[in-house]
Ligand code: 6PG
């Protein structure tokens, strides 16, 4: 099921997203005692993360029961200004009562392939307790909420056009050198994201309007537009966008 939620402006978009995240956290914690949240990098979510550190959200969310993961990371040290972890730490993680042990960081400072394998082990360990009736560990991680951005070239997380990561069907996490940004990246794979219960793209600003229209209303071309590969097979996909980004979307009833 795909839902498009259009908010008048960026400020209301961030509040709507914070309300949705808070509600999902409450539901997951009530039902299972914990909430697995996958953060996006980039610049768009900064305003959302800052909002979550203030009332009413900061007290509505039971942070001790929130487990924070990352959708992708640049292969740089955590102190590097390009680090998604550093951005999240400065705007959110250091400003809410979240135990440090609840933060699952992709180690961008380590050799990329080893860091990706280590991250996969970490996630598998986290979900190992979610066995089925036969006691079998899950084939894929069922994150409660995966927050994604949309790059202006149609990438999401670090799933870039024409890269091998788009074809990964077994691993949960991979590392690859991405020519277009000239750096190594670590990313959740498409099937790992598509196993989530809730996935939301957060898209704001007029500069994203053309790409958003291509992704949502245009022909499917997933190798060129990797964000089109995201459709949870047993979960909800929501596009959380503001009016400036939505101006070219076809009108929906
Ligand atoms: C990253 C992000 C990436 C981002 C998009 C949108 O590591 O850069 O994970 O997927 O979400 O590029 O970035 P902006 O929000 O800055 O437009």
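Condition check ((1) buried (at least 21 other Cβ atoms within 10 Å of the Cβ); (2) more than 17 Å from the chain's Cα centre (by Cα); (3) at pLDDT 95 or above) across all residues:
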site	(1), (2), (3)
197	no, no, yes
202	yes, no, yes
213	no, yes, yes
220	no, yes, yes
231	no, no, yes
235	no, no, yes
239	yes, no, yes
Original post:
Is it the case that residue 47 is in contact with a helix residue (DSSP H, G or I) (Cβ under 6 Å, 6 or more places away or on another chain) and within 14 Å of the ligand (Cβ to nearest atom)?
Top reply: yes
Original post:
For the range 144-168, which residues satisfy the criterion of being closer than 19 Å to residue 112 by Cα and either touching a helix residue (DSSP H, G or I) at 6+ places or on another chain (Cβ under 9 Å) or crowded, with 21+ Cβ neighbours inside 10 Å (or both)?
Top reply: 156, 157, 158, 159, 160, 163, 165, 166, 167, 168
**OP:** Would you check if residue 90 is within 16 Å of the ligand (Cβ to nearest atom), part of a helix (DSSP H, G or I) and over 25 Å from residue 236 (Cβ atoms)?
**Re:** yes
Original post:
Among the numbered criteria (1) surrounded by 17 or more Cβ atoms within 10 Å (Cβ to Cβ); (2) within 21 Å of residue 13 (Cα to Cα); (3) within 15 Å of the ligand (Cβ to nearest atom), which single criterion is violated by residue 192?
Top reply: (2)
Original post:
Looking at the range 11-44, which of its residues are assigned to a loop (DSSP other than H, G, I, E, B), more than 16 Å from the ligand (Cβ to nearest atom) and surrounded by fewer than 17 Cβ atoms within 10 Å (Cβ to Cβ)?
Top reply: 33
Original post:
Is there any pair with a first residue in the range 141-158 that is over 16 Å from residue 241 (Cα atoms) and free of Cβ contacts under 8 Å to residues at least 60 places away in the same chain and a second that is within 10 Å of the ligand (Cβ to nearest atom) and part of a loop (DSSP other than H, G, I, E, B) whose Cβ atoms are under 9 Å apart and which are 6 or more apart or on different chains, and what are they?
Top reply: 153/160
Original post:
If you take the residues in the range 121-174 that are within 16 Å of the ligand (Cβ to nearest atom), touching a strand residue (DSSP E or B) at 6+ places or on another chain (Cβ under 8 Å) and in a loop (DSSP other than H, G, I, E, B), which one is farthest from residue 71 (Cα to Cα)?
Top reply: 163
Subject >> Number of the condition not met by residue 52 [criteria: (1) touching a strand residue (DSSP E or B) at 6+ places or on another chain (Cβ under 8 Å); (2) crowded, with 17+ Cβ neighbours inside 10 Å; (3) touching a residue at least 40 places away in the same chain (Cβ under 8 Å)] >> reply: (1)
Original post:
If you go through the range 93-116, how many residues are crowded, with 16+ Cβ neighbours inside 10 Å and either touching a residue at least 40 places away in the same chain (Cβ under 8 Å) or in a helix (DSSP H, G or I) (or both)?
Top reply: 8
Original post:
Can you spot a residue in the range 66-80 that is at pLDDT 95 or above, assigned to a loop (DSSP other than H, G, I, E, B), within 16 Å of the ligand (Cβ to nearest atom) and within 20 Å of residue 142 (Cα to Cα)?
Top reply: yes
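The values are calculated or read from the model by the stated rules, or taken from the named source; none is laboratory data. Predicted model, so just to flag it, every value in this text is computed and none were measured. So basically every Cβ, Gly included, is an ideal-geometry build from the backbone, and we count neighbours across all protein chains shown.
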